[in-house]
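The values are calculated or read from the model by the stated rules, or taken from the named source; none is laboratory data. Given the structure is predicted, the values throughout are model-derived calculations rather than measurements. Don't worry about glycine lacking a Cβ; one is built from the backbone with ideal geometry, like all the others, and counts go over all protein chains shown. Calculation scope for accessible area: heavy atoms of the full protein, side chains included, ligands and nucleic acids excluded. Shrake-Rupley method; radii C 1.70, N 1.55, O 1.52, S 1.80 Å.
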Amino acid sequence: MKIFLLYFLVVNIFVFILAGYDKNLARKYKRRIPENTLFFLQLIGGTPGLLTAMFLFRHKTRKTSFIVKFILILLVQAVFVYLKLTGRI
């Protein structure tokens, strides 16, 4: 359990920093972090970190396609957690 929590913490800190860095790159009109990278990190457990970065840095909050994909991944995670907690998987 400790390893899982440590993994979760590291992934969320990493995605938070990466989203902040991407926002910084956007302000400087430089090459950006691919959205698929952010989505992958969200999928493997970085949802809280990415959501926090989105609100704190106001990052990608106006981009509808990003928000829709973010919510879809969040829903998939919620269904997975529900199924896991109910013992169906």
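Per-residue ellipticity at 222 nm, computed for the chain from helices alone with -39500 (n - 2.57) per DSSP H run of at least four residues, works out to -24500 deg cm²/dmol. When the Cα atoms of region 1-42 are aligned to their principal axes, the ranges along those axes come out at 42, 16, 9 Å in descending order. Scanning the chain for DSSP H helices at least 24 Å long along the axis (C-alpha atoms) with a Kyte-Doolittle mean no lower than -1.0 picks out 2-27, 64-85. In the frame of its principal axes, the chain has Cα extents of 48, 29, 19 Å, reported largest first.
Would you work out what percent of the accessible area of the chain, with all protein chains in place, is carbon or sulfur (probe 1.4 Å)? Carbon-and-sulfur percentage of accessible area, whole number: 71.
Are there trypsin sites (Lys or Arg not before Pro) in region 17-49 that DSSP puts in a loop and that have at most 15 other Cβ atoms within 10 Å, and which ones? The qualifying sites are 28, 30, 31, 32. In a simple Cβ point-charge model (Lys, Arg +1; Asp, Glu -1; nothing else charged), region 1-67 has a dipole of about 400 debye relative to its Cα centre. Solvent exposure of the chain amounts to 74 Å² per residue of accessible area, where only protein heavy atoms count and the probe is 1.4 Å.
Its relative contact order, with pairs defined as Cα atoms under 8 Å and 6+ residues apart, puts the chain at 29 percent.
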